[in-house]
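Colleague: The structure that follows is given in the form of structure tokens.
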Amino acid sequence: MEVPTPPPTLLEVVSSLVTAWRNLAAYPASHPARAAAMTTAHGRIRAYLAVASPLTLGIGRDGLISSGKKLEAAQVRAFARALYRRNGALLRIEEGVEPRELESFLALLGDTGPTRDRPLTVEELRAAGISHITLSAIDYAGLVTTTDVGGPSGEGSLLEGLLQALLEDLPVAAPPRDLALAAAGGAAFGAAV
């Protein structure tokens, strides 16, 4: 009798994404290390999504945030910085993501040309055939100030607090448009929506 294997941990999923992203830039298209890394990353994402869908990560300059935990391993920091540079605040991967979508997304993220620091838009992702991966930014124009002063909100930066509030406020099955609206400053920040 075969014992079922547990789903991969979040760190295992993210580490496999990072390896695939790095191998995509380091090896030519036909190289076995590149193909193996993409296969591993896609397999881990599918296994993770089978028990927890969608996979939504908050993106900070120096790490990724999910379920109140910050992933800060060295390889994760480099990946987070690349996402952050492309104006990402939330990365969402939905069930049904195809290997070609994952590869296309990682290739766009790894672009070293003049578009390297330009935000990745939903339109650009869709034009590249990516429909199950969304990268959203926070629109700080939706923030409001207040004279109410509360106690310290805990550890971490203001950005980490905003990301955690967004992650907690997102509906589980929010379509990409709703995710973008939430990232644009939804009620979690007291914005007028």
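The values are calculated or read from the model by the stated rules, or taken from the named source; none is laboratory data. What you see is a predicted model, and the numbers here were worked out from it, not measured in a lab. Note that each Cβ is placed from the backbone with ideal geometry, even for glycine, and that neighbours are counted across all protein chains shown. All accessible areas refer to the heavy atoms of the entire protein, side chains included, with ligands and DNA or RNA removed. Shrake-Rupley method; radii C 1.70, N 1.55, O 1.52, S 1.80 Å.
Colleague: Yes or no: T19 modelled with pLDDT of 90 or more, of a type in the set (V, I, T) and surrounded by 13 or more Cβ atoms within 10 Å (Cβ to Cβ)?
Modeller: Criteria met by T19.
Colleague: Moving to a separate point now. In contact with a Leu (Cβ under 6 Å, 6 or more places away or on another chain), closer than 20 Å to G96 by Cα and open to solvent by less than 40 Å² (accessible area, probe 1.4 Å) - does that describe any residue in the stretch 59-75?
Modeller: Within the stretch 59-75 (the criterion being in contact with a Leu (Cβ under 6 Å, 6 or more places away or on another chain), closer than 20 Å to G96 by Cα and open to solvent by less than 40 Å² (accessible area, probe 1.4 Å)), the answer is no, since none of the residues qualifies.
Colleague: Go through E101, E155, E168, E95 for me and flag whichever is open to solvent by 60 Å² or more (accessible area, probe 1.4 Å) and modelled with pLDDT of 85 or more.
Modeller: E95
Colleague: Ok, one more. When you scan the stretch 77-90, how many residues do you find that are within 23 Å of A35 (Cβ to Cβ) and either surrounded by 20 or more Cβ atoms within 10 Å (Cβ to Cβ) or of a type in the set (S, T, N, Q) (or both)?
Modeller: 1
Colleague: Cβ-Cβ distance below 9 Å, separation of 6 or more or different chains: which pairs start in the stretch 30-44 with a residue that is more than 15 Å from L106 (Cα to Cα) and end on one that is small (G, A, S) and surrounded by 20 or more Cβ atoms within 10 Å (Cβ to Cβ)?
Modeller: Note: pairs meeting the criteria are G43/S16; R44/S15; R44/S16.
Colleague: Determine which member of the set T40, T9, T56 is modelled with pLDDT of 95 or more and β-branched (V, I, T).
Modeller: Within the list T40, T9, T56, the selection yields T40.
Colleague: A follow-up question, please. Scanning for something farther than 15 Å from L17 by Cα, in a loop (DSSP other than H, G, I, E, B) and in contact with a strand residue (DSSP E or B) (Cβ under 8 Å, 6 or more places away or on another chain), does the stretch 89-110 turn up at least one residue?
Modeller: Yes, that holds for at least one residue.
Colleague: Would you call R46 open to solvent by 50 Å² or more (accessible area, probe 1.4 Å) and within 19 Å of T134 (Cβ to Cβ)?
Modeller: yes
Colleague: Of the conditions (1) assigned to a helix (DSSP H, G or I); (2) under 20 Å from S16 (Cα atoms), E123 fails just one. Which one is it?
Modeller: Exception for E123: condition (2).
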